[in-house]
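The next block holds one structure in the form of C-alpha coordinates; read it before the comments.
The values are calculated or read from the model by the stated rules, or taken from the named source; none is laboratory data. On a predicted model such as this, the values are computed, not experimentally measured, just so you know. Glycine gets a Cβ as well: all are built from the backbone with ideal geometry, and neighbour counts include every protein chain shown.
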Amino acid sequence: MAKVAEYFSIPLMILVSISYICTMPLFYIQSTKSSGIFAVWDNTESNTYFEDRLRLNADEVEQLKDFSERKRLEWLSSRYLLHIMTGAKSRTICTKDEYGKPILINSEYHISLSHSVNRTAVIASKHSVGIDIQKVVSKIGRIARKFCNEIEQNHIPIDDNQALLYYHIIWGAKECIYKSYGKKKVDFRGHMSISKVSNNLTSGTAIGRIEINGFEALYNIEYHLMEDYMIVTSVEIE
(Lines give C-alpha, C1' and ligand atoms only; values in the text may rest on other atoms or scores of the structure.)
Protein backbone atom coordinates (compact mmCIF):
# COMPACT_ATOMS: atom_id res chain seq x y z
CA MET A 1 0.00 0.00 0.00
CA ALA A 2 1.40 3.38 -1.00
CA LYS A 3 1.94 6.08 1.59
CA VAL A 4 0.33 9.48 1.09
CA ALA A 5 3.72 11.08 0.42
CA GLU A 6 4.40 8.61 -2.39
CA TYR A 7 1.34 9.41 -4.47
CA PHE A 8 2.91 12.02 -6.69
CA SER A 9 6.05 9.97 -7.32
CA ILE A 10 4.23 6.83 -8.52
CA PRO A 11 2.91 6.81 -12.11
CA LEU A 12 -0.77 7.70 -11.86
CA MET A 13 -1.97 4.73 -13.90
CA ILE A 14 -0.56 2.35 -11.27
CA LEU A 15 -2.75 3.96 -8.63
CA VAL A 16 -6.11 3.03 -10.16
CA SER A 17 -8.36 1.47 -7.49
CA ILE A 18 -5.88 2.08 -4.64
CA SER A 19 -7.73 3.64 -1.73
CA TYR A 20 -7.78 3.61 2.03
CA ILE A 21 -9.34 5.29 5.01
CA CYS A 22 -6.79 7.14 7.13
CA THR A 23 -6.95 8.23 10.72
CA MET A 24 -8.24 11.73 11.23
CA PRO A 25 -7.67 14.45 10.24
CA LEU A 26 -6.63 13.03 6.83
CA PHE A 27 -9.95 11.36 6.18
CA TYR A 28 -9.59 9.78 2.76
CA ILE A 29 -7.27 9.52 -0.23
CA GLN A 30 -8.00 7.69 -3.47
CA SER A 31 -7.01 7.54 -7.11
CA THR A 32 -9.70 7.94 -9.75
CA LYS A 33 -10.16 5.62 -12.71
CA SER A 34 -9.12 8.51 -14.96
CA SER A 35 -5.61 9.27 -13.68
CA GLY A 36 -6.46 11.67 -10.90
CA ILE A 37 -5.78 11.60 -7.16
CA PHE A 38 -8.08 13.16 -4.60
CA ALA A 39 -7.93 13.52 -0.84
CA VAL A 40 -10.26 14.75 1.89
CA TRP A 41 -9.24 16.49 5.11
CA ASP A 42 -11.39 16.73 8.23
CA ASN A 43 -10.88 20.24 9.61
CA THR A 44 -10.52 19.68 13.34
CA GLU A 45 -7.43 21.88 13.79
CA SER A 46 -6.97 25.56 14.46
CA ASN A 47 -5.53 27.98 11.93
CA THR A 48 -2.30 28.00 13.92
CA TYR A 49 -1.82 24.28 13.27
CA PHE A 50 -1.61 24.91 9.52
CA GLU A 51 0.31 28.19 9.73
CA ASP A 52 3.07 26.51 11.75
CA ARG A 53 3.47 23.82 9.09
CA LEU A 54 3.03 25.82 5.89
CA ARG A 55 5.61 28.57 6.49
CA LEU A 56 3.63 31.17 4.60
CA ASN A 57 5.44 33.70 2.44
CA ALA A 58 4.88 37.45 2.77
CA ASP A 59 2.35 37.60 -0.08
CA GLU A 60 0.28 34.80 1.46
CA VAL A 61 0.31 36.43 4.90
CA GLU A 62 -0.91 39.67 3.34
CA GLN A 63 -3.61 37.84 1.36
CA LEU A 64 -5.00 36.16 4.47
CA LYS A 65 -5.34 39.37 6.47
CA ASP A 66 -8.78 40.18 5.10
CA PHE A 67 -10.15 36.63 5.31
CA SER A 68 -12.78 35.57 7.84
CA GLU A 69 -11.80 32.81 10.27
CA ARG A 70 -13.75 30.24 8.25
CA LYS A 71 -12.32 31.36 4.91
CA ARG A 72 -8.84 31.38 6.41
CA LEU A 73 -9.24 27.80 7.67
CA GLU A 74 -10.45 26.65 4.25
CA TRP A 75 -7.50 28.31 2.52
CA LEU A 76 -4.92 26.94 4.95
CA SER A 77 -6.28 23.38 5.05
CA SER A 78 -6.42 23.09 1.25
CA ARG A 79 -2.81 24.25 0.88
CA TYR A 80 -1.64 21.89 3.59
CA LEU A 81 -3.51 18.97 2.02
CA LEU A 82 -1.89 19.76 -1.33
CA HIS A 83 1.51 19.79 0.34
CA ILE A 84 0.91 16.39 1.94
CA MET A 85 -0.16 14.93 -1.40
CA THR A 86 3.04 16.03 -3.14
CA GLY A 87 5.28 14.51 -0.50
CA ALA A 88 7.87 17.21 -1.23
CA LYS A 89 10.09 18.70 1.46
CA SER A 90 9.45 22.24 0.25
CA ARG A 91 5.93 23.41 -0.49
CA THR A 92 4.81 24.15 -4.05
CA ILE A 93 3.01 27.49 -4.01
CA CYS A 94 -0.65 27.48 -4.99
CA THR A 95 -1.86 30.68 -6.62
CA LYS A 96 -4.61 31.67 -9.08
CA ASP A 97 -4.65 32.43 -12.79
CA GLU A 98 -6.26 35.48 -14.38
CA TYR A 99 -9.73 33.92 -14.02
CA GLY A 100 -9.29 32.90 -10.38
CA LYS A 101 -8.59 29.21 -11.06
CA PRO A 102 -6.15 27.61 -8.57
CA ILE A 103 -2.82 26.56 -10.09
CA LEU A 104 0.47 25.18 -8.79
CA ILE A 105 3.53 27.23 -9.71
CA ASN A 106 6.12 25.34 -11.78
CA SER A 107 4.13 22.10 -11.75
CA GLU A 108 2.72 19.90 -14.51
CA TYR A 109 -0.25 19.00 -12.32
CA HIS A 110 -3.71 20.53 -12.63
CA ILE A 111 -5.54 20.96 -9.32
CA SER A 112 -8.97 21.76 -7.95
CA LEU A 113 -10.15 22.58 -4.42
CA SER A 114 -13.47 22.34 -2.60
CA HIS A 115 -14.87 22.88 0.90
CA SER A 116 -18.07 22.00 2.72
CA VAL A 117 -18.80 22.55 6.41
CA ASN A 118 -15.72 21.01 8.08
CA ARG A 119 -14.29 19.06 5.14
CA THR A 120 -11.69 20.09 2.56
CA ALA A 121 -11.17 18.17 -0.70
CA VAL A 122 -8.36 18.42 -3.25
CA ILE A 123 -7.72 16.68 -6.58
CA ALA A 124 -4.60 16.65 -8.77
CA SER A 125 -3.92 15.22 -12.22
CA LYS A 126 -1.88 15.78 -15.35
CA HIS A 127 -5.25 16.39 -17.04
CA SER A 128 -7.67 19.23 -16.39
CA VAL A 129 -9.69 18.33 -13.28
CA GLY A 130 -12.41 19.48 -10.92
CA ILE A 131 -13.63 18.41 -7.49
CA ASP A 132 -16.70 19.22 -5.43
CA ILE A 133 -17.62 18.14 -1.92
CA GLN A 134 -21.06 18.87 -0.53
CA LYS A 135 -22.78 17.89 2.68
CA VAL A 136 -26.01 16.21 1.60
CA VAL A 137 -28.96 18.52 2.34
CA SER A 138 -32.62 18.22 1.39
CA LYS A 139 -33.02 21.82 0.22
CA ILE A 140 -31.11 21.12 -2.99
CA GLY A 141 -34.29 19.65 -4.46
CA ARG A 142 -35.94 23.08 -4.36
CA ILE A 143 -33.38 24.56 -6.75
CA ALA A 144 -32.81 21.49 -8.96
CA ARG A 145 -34.53 23.07 -11.97
CA LYS A 146 -31.92 25.83 -11.93
CA PHE A 147 -29.10 23.41 -12.75
CA CYS A 148 -30.78 20.28 -14.20
CA ASN A 149 -31.72 20.44 -17.87
CA GLU A 150 -34.81 18.67 -19.22
CA ILE A 151 -33.01 15.42 -20.06
CA GLU A 152 -31.44 15.26 -16.59
CA GLN A 153 -34.81 15.97 -14.99
CA ASN A 154 -36.31 13.03 -16.89
CA HIS A 155 -33.91 10.71 -15.05
CA ILE A 156 -34.71 11.89 -11.51
CA PRO A 157 -35.48 8.78 -9.40
CA ILE A 158 -38.98 8.39 -7.98
CA ASP A 159 -37.68 7.53 -4.51
CA ASP A 160 -37.05 10.74 -2.54
CA ASN A 161 -33.79 9.54 -0.98
CA GLN A 162 -32.42 8.43 -4.34
CA ALA A 163 -33.53 11.70 -5.92
CA LEU A 164 -31.62 13.61 -3.24
CA LEU A 165 -28.41 11.78 -4.11
CA TYR A 166 -29.04 12.28 -7.83
CA TYR A 167 -29.39 16.04 -7.38
CA HIS A 168 -26.07 16.19 -5.53
CA ILE A 169 -24.36 14.14 -8.23
CA ILE A 170 -25.59 16.39 -11.05
CA TRP A 171 -24.79 19.57 -9.12
CA GLY A 172 -21.38 18.29 -8.05
CA ALA A 173 -20.48 17.11 -11.55
CA LYS A 174 -21.33 20.49 -13.05
CA GLU A 175 -19.41 22.29 -10.31
CA CYS A 176 -16.40 20.12 -11.21
CA ILE A 177 -16.69 20.91 -14.91
CA TYR A 178 -17.11 24.61 -14.15
CA LYS A 179 -13.92 24.55 -12.07
CA SER A 180 -12.04 22.60 -14.72
CA TYR A 181 -13.15 25.00 -17.45
CA GLY A 182 -11.98 27.79 -15.19
CA LYS A 183 -13.80 30.76 -16.70
CA LYS A 184 -16.89 32.70 -15.70
CA LYS A 185 -20.40 33.13 -17.12
CA VAL A 186 -21.30 29.44 -17.41
CA ASP A 187 -24.98 28.43 -17.56
CA PHE A 188 -25.29 25.18 -15.59
CA ARG A 189 -28.46 24.21 -17.49
CA GLY A 190 -27.57 25.39 -20.96
CA HIS A 191 -23.81 24.91 -21.28
CA MET A 192 -23.30 21.65 -19.37
CA SER A 193 -24.90 18.21 -19.37
CA ILE A 194 -24.41 15.02 -17.36
CA SER A 195 -25.31 11.61 -18.79
CA LYS A 196 -24.80 7.88 -18.22
CA VAL A 197 -25.08 8.17 -14.43
CA SER A 198 -24.57 4.76 -12.79
CA ASN A 199 -27.55 3.01 -11.23
CA ASN A 200 -25.72 2.98 -7.90
CA LEU A 201 -26.09 6.54 -6.62
CA THR A 202 -23.73 6.11 -3.67
CA SER A 203 -20.65 5.32 -5.78
CA GLY A 204 -20.39 5.36 -9.54
CA THR A 205 -19.52 7.17 -12.73
CA ALA A 206 -21.03 9.46 -15.35
CA ILE A 207 -20.03 11.47 -18.41
CA GLY A 208 -19.95 15.25 -18.36
CA ARG A 209 -19.96 17.68 -21.27
CA ILE A 210 -19.52 21.42 -21.70
CA GLU A 211 -20.17 23.49 -24.81
CA ILE A 212 -19.59 27.23 -24.52
CA ASN A 213 -18.26 29.95 -26.83
CA GLY A 214 -16.84 27.44 -29.30
CA PHE A 215 -15.20 25.36 -26.58
CA GLU A 216 -16.22 21.71 -26.16
CA ALA A 217 -14.93 19.07 -23.75
CA LEU A 218 -15.92 15.71 -22.29
CA TYR A 219 -15.18 14.56 -18.74
CA ASN A 220 -15.09 11.31 -16.84
CA ILE A 221 -17.14 11.87 -13.71
CA GLU A 222 -16.82 9.81 -10.52
CA TYR A 223 -18.82 10.22 -7.34
CA HIS A 224 -18.67 8.76 -3.84
CA LEU A 225 -21.02 9.17 -0.89
CA MET A 226 -18.80 9.27 2.21
CA GLU A 227 -20.75 9.47 5.44
CA ASP A 228 -23.13 12.37 4.68
CA TYR A 229 -20.92 14.09 2.08
CA MET A 230 -21.12 13.65 -1.68
CA ILE A 231 -17.72 13.92 -3.34
CA VAL A 232 -17.63 14.32 -7.12
CA THR A 233 -14.56 14.49 -9.37
CA SER A 234 -14.06 15.21 -13.06
CA VAL A 235 -11.09 14.49 -15.32
CA GLU A 236 -11.11 15.85 -18.86
CA ILE A 237 -11.07 13.25 -21.64
CA GLU A 238 -8.32 14.25 -24.05
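A few notes on this one:
- For the range 187-238, the set of residues classified as within 17 Å of the chain's Cα centre (by Cα) and of a type in the set (Asp, Glu) consists of Glu222, Glu227, Asp228, Glu236, listed by residue number.
- Answer from Ile207, Ile194 - the residue that is hydrophobic (A, V, I, L, M, F, W, C), in contact (Cβ under 8 Å) with a residue 40 or more places away in the chain and on the phi < 0 side of the Ramachandran plot: Ile194
- From Asn149, Asn106, residue being at pLDDT 95 or above and farther than 27 Å from Asn43 by Cα: Asn149
- Subset of the range 86-137 that is among the charged types (D, E, K, R) and out of contact with any Phe, Trp or Tyr (no Cβ under 8 Å at 6 or more places or on another chain) - its residue that is nearest to Thr233 (Cα to Cα): Lys101
- Note on the range 35-63: residues that are more than 22 Å from the chain's Cα centre (by Cα) and aliphatic (A, V, I, L, M) total 3.
- Taking the listed residues Ser107, Ser90, Ser78, Ser114, the one that is in contact with a Gly (Cβ under 9 Å, 6 or more places away or on another chain) and among the small types (Gly, Ala, Ser) is Ser114, with no other qualifying.
- Residue within the range 45-67 that is within 25 Å of Val235 (Cβ to Cβ) and of a type in the set (D, E, K, R) present: no
- Qualifying residues in the range 209-238 (those that are of a type in the set (Asp, Glu) and outside any loop (DSSP other than H, G, I, E, B)) - the one farthest from Tyr178 (Cα to Cα): Glu222
- Residue ID - farthest from Lys183 (Cα to Cα), chosen from residues in the range 95-121 that are surrounded by fewer than 18 Cβ atoms within 10 Å (Cβ to Cβ), among the aliphatic types (A, V, I, L, M) and touching a Ser or Thr at 6+ places or on another chain (Cβ under 8 Å): Ile105
- The helices (runs of 4 or more DSSP H) found wholly in the range 110-208 and carrying at least 2 residues that are under 30 Å from Asp97 (Cβ atoms) and of a type outside the set (A, V, I, L, M) occupy 144-147, 160-181.
- Val186 vs. criteria surrounded by 15 or more Cβ atoms within 10 Å (Cβ to Cβ), farther than 21 Å from Ser114 by Cα and out of contact with any Cys (no Cβ under 8 Å at 6 or more places or on another chain): no
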